[in-house]
Amino acid sequence: MRATIMDEPLTLPLILERTERLFADVPVVERRPDGAVHRADWGTVCRRVRRLADALRRAGLAPGARVATLMWNHRAHLEVYFAAPAAGLVVHTLNPRLHPDELAYIATHADDHLLVVDEGLLEVLAAFRARAPFRRVLVVRHGATGALPAGCEDYEAFLAAGAADAPFAAVDERAPAGMCYTSGTTGRPKGVVYSHRAYVLHALMTSLPDSIGYSLRDTVMPVVPMFHVNAWGMPHAAALNGCALVLPGPRLDAESLLDLMETEGVTLAAGVPTVWLGVLRALDAAPGRRRLAEGLRLVVGGSAVPEAMIRGFDRHGVTVVHAWGMTEMTPIGSVFAPKRGFAGLDEEARYALRATQGLPAALVRMRLVDDGGRVLPWDGRGRGELQVRGPCVTGAYHGHPEDAESFTADGWFRTGDVATLSPEGYLRIVDRLKDLIKSGGEWIGSVDLENALMAHPAVAEAAVVAVPHPRWGERPLACVVPRAGARVTAAELRDFLARRFPKWWLPDDFVFLEAIPRTATGKFMKRALRARFRDRFRGAEGAP
Ligand code: ADP
C-alpha cells in the first residue's frame with residue numbers, strides 16, 4: 001500500500017505565498033545603518049522578493065549558484081534571504097566582523113557568484129574583494145545616490161529589472177537554499193548547506209508553543225545577526241507565523257536596542273548573552289524608565305546563559321528563555337520549557353532548571369557518548385559528548401563529504417559539546433570538549449565556574465580557561481572583568497567560589513581585565529586567552 005497524501009515539497013515559496021496572502025499589512029520595520037527607522041510591511045517585502053527573485057533569474061545564475069550577503073539586519077537582507085532560495089539559488093551570509101583573510105577563504109570555498117553588500121561595508125569588502133570570486137557586486141544604499149565604486153551596481157536598479165508578480169521557481173524541497181560557515185571558535189570555518197525542507201521544518205519546529213513559540217501577535221526582533229546561522233531561524237518563522245518583524249541594523253548597544261524595543265513594542269527578541277548583559281545593566285541603572293511590552297521574552301543562546309542573568313531580567317518582568325544550538329543544526333537544538341511540576345519546585349531549583357539548555361527540540365534526537373564509545377543513560381550525572389541527528393542537522397560539511405571526526409559511523413553528528421541529560425530530558429552543556437580543563441586526570445568544566453563568578457555582584461564578566469601546569473597538566477585561570485566602579489580581590493572571589501565548588505576546581509589564579517576578547521559572533525575567545533596566559537603557571541608547584 002502507498003500513502004495517499006500529496007507530496008507537496010516543503011519550500012520557502014510555500015511559506016511566502018501564505019505570508020503575502022494573509023499578512024501583507026503586518027509591519028516589517030528596519031533601523032537603517034544611518035539610524036533612521038523605516039516602516040514597510042510583509043506585502044511590500046513579498047513583492048520585492050518576487051522582483052528580486054525574477055531579476056536574479058534574468059541575471060542568468062545557474063541553479064544552486066551562491067548569492068552572498070555582507071549586511072547587517074535590515075529589510076534588503078531579508079529580501080535576499082527569501083529571494084535567492086525562491087529563485088532556486090543559495091543565500092550565503094558572510095560575517096563582516098571576520099578577518100579579510102577568513103572572508104576571502106570562505107567566499108572562495110563557497111564559490112560565491114554574486115554579492116549583495118551594505119554601502120557602509122564597502123571598506124570591509126575592499127580588503128578581500130581581489131581574492132574573492134564574486135562576478136557581480138550589488139550595493140544597498142538605502143536611498144542614497146551618487147557614484148558607486150568601480151565594479152559595483154546599485155541593488156535597487158538590479159531589483160527593478162524583475163517583475164513584482166513573477167512566479168517563484170518550482171524548487172525541490174531537498175535543493176540547497178542557504179549556506180553558512182561555522183564561526184570558527186575552535187578551528188577553520190566549515191560550510192553547512194541548508195535545504196528548503198530543513199528551513200521549513202525548522203520554522204515549524206521552533207514555532208511550537210514550548211519551543212520559541214511564535215504567534216501572529218508577536219513583534220519579533222532578531223538581534224542575533226542575520227549572518228549568524230539564519231538569525232536562529234527568526235526571519236523564516238516570522239514569515240510563517242505572520243509576526244511583525246523589527247530589524248535593528250548595525251547599532252546593537254543597549255540603549256539603541258531598548259529604544260526600538262520600547263517604540264516598536266517588541267514581544268520576542270533573540271541574541272547572545274553578551275548583548276543582553278548590556279541591556280540588563282542599562283535596565284538596572286534606571287529601573288522602571290523603559291516601558292517594555294508586557295510578557296516580553298528574550299531567547300538567549302550561542303553561549304551559556306548565566307543564572308544571574310535570568311534572575312536579573314525577572315526583576316524587570318522580562319523572561320529569559322535559554323536555548324542551545326549550532327550552525328550545523330539550522331541552528332536550534334534545545335529550548336527551555338517548564339514541565340509539569342515546575343511550579344512546585346523551590347526558587348533555587350526553578351532557577352537552576354531555567355539555566356539548563358532546556359529540552360531537546362522536536363525532531364532532534366540526542367544521545368551522550370563517553371570516551372569509551374558507550375551510550376550513557378539520561379541520569380543527569382553521566383557526562384559525555386552530545387551527539388545529535390534529525391532532519392535539520394547537517395550530514396556533512398560542504399566540500400568534505402567524508403569527515404569521520406565530526407560524524408559517527410552510525411550516522412550521528414558529534415557536537416563537540418560535553419553535556420548531561422536529566423531523566424526529565426533537560427540538557428546541560430558542561431563545556432566544549434576543547435575548553436574542558438584537564439587537571440590531574442579529572443575534568444573541570446569552565447562554564448560552571450564562569451556562571452558562578454558572574455553571579456558575584458562585583459563581576460561583570462568572567463571567562464575561565466585551561467593553562468598548562470607542570471604538575472597537574474592543566475589548571476583553571478579565571479579572567480575577570482569587574483563591574484564599573486566595583487572593587488574585588490582574587491581572595492574574595494576564591495572564597496566566593498569555595499562555597500559552591502570542591503577545592504580542586506578553584507582557579508589557581510585570577511587576572512583582572514578591562515574586557516574579554518570576543519569572536520566575530522560575540523562569544524568569549526578562549527583561544528586568545530589561552531595563548532596570552534600560556535606561561536602563567538610555568539614553574540608553579542604545589543597542590544591545587
Ligand atoms: P562556533 O562553534 O564556531 O562558535 P556556532 O555558532 O555554531 O559556532 O556555535 C555552536 C556552539 O556554541 C555549540 O556547540 C556550543 O558549544 C555553544 N553554544 C551555543 N548555545 C549555547 C548555550 N545555550 N549554552 C552553552 N553553549 C552554547
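The values are calculated or read from the model by the stated rules, or taken from the named source; none is laboratory data. Being a predicted model, the structure only gives us computed values, none of them experimental. As a convention, Cβ positions derive from the backbone with ideal geometry for all residues, glycine included, and neighbour counts pool all protein chains shown. The accessibility values were calculated without ligands, DNA or RNA, using every heavy atom of the protein model including side chains. Shrake-Rupley method; radii C 1.70, N 1.55, O 1.52, S 1.80 Å.
Hey, quick one: spin label on Arg315, modelled 7 Å out along Cα-Cβ, who in the stretch 350-375 has an amide N within reach, i.e. under 19 Å? Of the residues in the stretch 350-375, 350-352, 354-355 have backbone N under 19 Å from the label point off Arg315. Taking amide H positions as modeled 1.01 Å from N, with prolines and chain starts lacking one, the residues under 5 Å from Val192 and 5 or more places away or on another chain are Cys180, Tyr181, Thr182, His398.
Each Lys or Arg adds one and each Asp or Glu takes one away; over the other residues whose Cβ falls under 10 Å from the Cβ of Val139, this sums to -4.
Grab the beta carbon distance between Asp379 and Arg518, set R0 = 25 Å, and tell me the FRET efficiency rounded to 0.05. Let's see the in-between values first.
Values: r = 35 Å, r/R0 = 1.41.
The computed FRET efficiency comes out at 0.10.
What is the sum of charges around Thr93, taking Lys and Arg as +1, Asp and Glu as -1, for the other residues whose C-beta is under 11 Å from the C-beta of Thr93?
On the way: positive: Arg66; negative: Asp112.
Local net charge: 0.
Peptides 153-161, 48-56 ranked from most to least packed by the mean count of surrounding Cβ atoms within 10 Å: 48-56, 153-161.
The Cα center of the stretch 474-543 and the Cα center of the stretch 335-361 differ in position by 29 Å. Close amide H partners of Val467, meaning residues 5 or more places away or on another chain with modelled amide H under 5 Å apart, are Arg475, Leu477. Taking θ as phi - 60° and the Karplus parameters 6.51, -1.76 and 1.60, the scalar couplings of the stretch 201-210 work out to 5, 5, 5, 5, 5, 7, 7, 4, x, 9 Hz in sequence order, x denoting glycine and proline.
Extension gain for the segment Ala349 to Arg534, taken as residue separation times 0.36 nm less the Cα-Cα distance, is 62.9 nm to one decimal.
If you put +1 on each Lys and Arg Cβ and -1 on each Asp and Glu Cβ, how big is the dipole of the chain around its Cα centre, in Debye rounded to 20? It would help to have the intermediate numbers written out before the result.
On the way: 65 positive and 62 negative charges, 91 e Å.
Taking the Cα centre of the chain as origin, the dipole is about 440 debye.
Among 287-296, 233-242, 473-482, the peptide with the highest mean count of other Cβ atoms within 10 Å heads the list, and the full ranking is 233-242, 473-482, 287-296. Once both labels are positioned 7 Å from their Cα atoms along Cα-to-Cβ, the gap between Arg217 and Ala130 label points is 5.8 nm.
In loop segments of the stretch 448-544 as defined by DSSP, the trypsin sites (Lys or Arg not before Pro) with at most 15 further C-beta atoms inside 10 Å of their C-beta are Arg471, Arg483, Arg487, Arg499, Arg500, Arg534, Arg538.
On a per residue basis, the stretch 248-330 carries 35 Å² of accessible surface, using protein heavy atoms and a 1.4 Å probe. Pairs with C-alpha atoms separated by more than 24 Å, drawn from the list Lys339/Lys434; Lys339/Lys526; Lys438/Lys526; Lys503/Lys523; Lys339/Lys438, are Lys339/Lys434; Lys339/Lys526; Lys503/Lys523; Lys339/Lys438.
Which percent, nearest 5, of DSSP beta bridges in the stretch 436-532 are antiparallel? Write down the numbers at each step before the final one.
Values: 15 of 19 bridges.
Percent antiparallel among DSSP bridges in the stretch 436-532 is about 80.
Between Asp284 and Ile5, the simple spin-label model (points 7 angstrom out along Cα→Cβ) gives 4.9 nm. Would you mind pulling out the separation of the Cα centroids of the stretch 27-99 and the stretch 183-241, in Å? If we compute the Cα centre of each part, the gap is 16 Å.
Shape verdict for the stretch 109-221, please, from the Cα gyration tensor: rounded (a/c under 1.5), prolate (a/b greater than b/c) or oblate.
On the way: a/c = 1.78, a/b = 1.39, b/c = 1.28.
Judged from the Cα gyration tensor, the stretch 109-221 comes out prolate (a/c at least 1.5, a/b above b/c).
Taking the C-alpha atoms only, the angle from helix 12-22 to the longest principal axis of the chain is near 70 degrees.
Need one word for the stretch 412-544: rounded, prolate or oblate. Basis is the Cα gyration tensor (sqrt eigenvalues a ≥ b ≥ c); a/c below 1.5 gives rounded, then a/b vs b/c decides. Present the calculation step by step, with values, prior to reporting the outcome.
Working: a/c = 1.36, a/b = 1.17, b/c = 1.16.
Judged from the Cα gyration tensor, the stretch 412-544 comes out rounded (a/c under 1.5).
The angle separating the long axis of helix 254-264 from the principal Cα axis of greatest extent in the chain is about 50 degrees. For the chain, the residue among Thr206, Asn241, Trp443 whose Cα projects farthest onto the positive side of the dipole built from Cβ charges is Trp443.
One chain, two ends: Glu402 and Asp370. Fully extended at 0.36 nm per residue, the span grows by 9.2 nm beyond their Cα-Cα distance.
I need the calculated FRET efficiency for the pair Asp25 and Glu541, taking r as the beta carbon distance and R₀ as 60 Å, to the nearest 0.05. Walk me through the numbers on the way to the answer.
Values: r = 71 Å, r/R0 = 1.19.
So the FRET efficiency works out to roughly 0.25.
Counting only C-alpha contacts under 8 Å and six or more residues apart, can you give the relative contact order of the chain as a whole percent? It would help to have the intermediate numbers written out before the result.
Details: 1144 pairs, mean separation 57.4, N = 544.
Answer for the chain is 11 percent.
Once you order the gyration tensor axes a ≥ b ≥ c over the Cα atoms, which shape class does the chain get: rounded for a/c under 1.5, otherwise prolate or oblate by comparing a/b with b/c? Prolate, since a/c reaches 1.5 and a/b exceeds b/c.
Carbon-plus-sulfur fraction of the accessible area of the chain, 1.4 Å probe, in percent? The partial results should precede the final answer.
On the way: 11680 of 22720 Å².
The nonpolar share, carbon plus sulfur, comes to 51 percent.
Taking amide H as placed 1.01 Å from N in the peptide plane, the amide H of Val137 sits under 5 Å from that of Leu115, Glu153, each at least 5 places away or on another chain.
So which trypsin sites (Lys or Arg not before Pro) in the stretch 348-404 are both in a DSSP loop and have at most 13 other Cβ atoms within 10 Å of their Cβ?
On the way: sites: Arg350, Arg354, Arg365, Arg367, Arg374, Arg381, Arg383, Arg389; in loops: Arg374, Arg381, Arg383.
For trypsin sites (Lys or Arg not before Pro) across the stretch 348-404 that sit outside H, G, I, E and B with at most 13 neighbouring Cβ atoms in 10 Å, the list reads Arg374, Arg381.
Between Pro468, Pro176, His77, the Cα set farthest toward the positive side of the dipole of the chain (charges on each charged residue's Cβ, about the Cα centre) is that of Pro468.
With +1 assigned to the C-beta of every Lys and Arg and -1 to the C-beta of every Asp and Glu, and no other charges, what is the dipole magnitude of the stretch 443-491 about the Cα centre in debye, to the nearest 20?
200
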